Structures are given as C-alpha cells and as structure tokens.
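Below you'll find the structure, written out as structure tokens, and then a few comments.
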C-alpha cells in the first residue's frame with residue numbers, strides 16, 4: 001500500500017479493518033478462490049482502477065500510519081487512561 005500498489009486481501013478481521021473494499025483495496029471472502037480470481041482479473045484488466053486503488057491506499061498509509069499520527073494517538077490513549085484513574 002505504501003508503494004501505491006493496489007492490494008487484494010481476504011476479509012479476515014485484521015485486513016478488513018484496514019482495507020475499505022473498492023477504495024483502498026479489494027476484499028474477497030476468506031477461502032473463496034473464485035472471488036479472489038475475479039478480483040485479480042478485474043485489476044488486471046482495469047488500469048484506471050489499479051491506479052485509483054493504489055493512490056487511495058498510499059494516501060491512507062501516509063495519513064493513518066505516519067509516526068506523528070500514530071504517536072499522537074498513543075499519547076491520547078495514555079492521557080485518557082490517566083484521566084480515568
């Protein structure tokens with residue numbers, strides 16, 4: 001994702017929480033080889049879709065996983081915990 005490439009992942013919890021199907025990547029039902037094949041074919045045949053998903057994925061990573069953003073979220077969690085004590 002950080003390289004701006006489109007991805008296809010199964011809909012298991014960790015992946016499906018990170019990927020928005022059709023926006024930042026493509027999801028397929030875990031174990032459904034036919035669905036995976038269809039998604040792969042769609043990406044192979046549609047250059048504009050590949051580009052859009054790749055750009056959206058990269059932007060998502062830049063926004064949600066940069067060190068400043070992550071550290072500010074962690075700091076906020078610690079502050080919330082301290083306030084509850």
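Restricting to the range 7-19, give me the number of residues that are within 16 Å of residue 62 (Cβ to Cβ) and either touching a strand residue (DSSP E or B) at 6+ places or on another chain (Cβ under 7 Å) or outside any helix (DSSP H, G or I) (or both).
2
Quick one: which helices (runs of 4 or more DSSP H) sit completely within the range 20-85 and have at least 2 residues that are within 16 Å of the chain's Cα centre (by Cα), farther than 26 Å from residue 4 by Cβ and without any contact (Cβ under 8 Å) to a residue 12 or more places away in the chain?
Of the helices (runs of 4 or more DSSP H) lying wholly inside the range 20-85, none has at least 2 residues that are within 16 Å of the chain's Cα centre (by Cα), farther than 26 Å from residue 4 by Cβ and without any contact (Cβ under 8 Å) to a residue 12 or more places away in the chain.
Considering only the range 3-13, state which residues are under 10 Å from the mean Cα position of the chain (by Cα) and under 20 Å from residue 66 (Cβ atoms).
Of everything in the range 3-13, just one residue is under 10 Å from the mean Cα position of the chain (by Cα) and under 20 Å from residue 66 (Cβ atoms), namely 7.
A short reminder: the numbers here are calculations on the coordinates, not readings from a lab. Just so you know, these numbers come straight off a predicted model, no measurement behind them. Every residue, glycine as well, gets a Cβ built from its backbone with ideal geometry; the counts of neighbours run over all protein chains shown.
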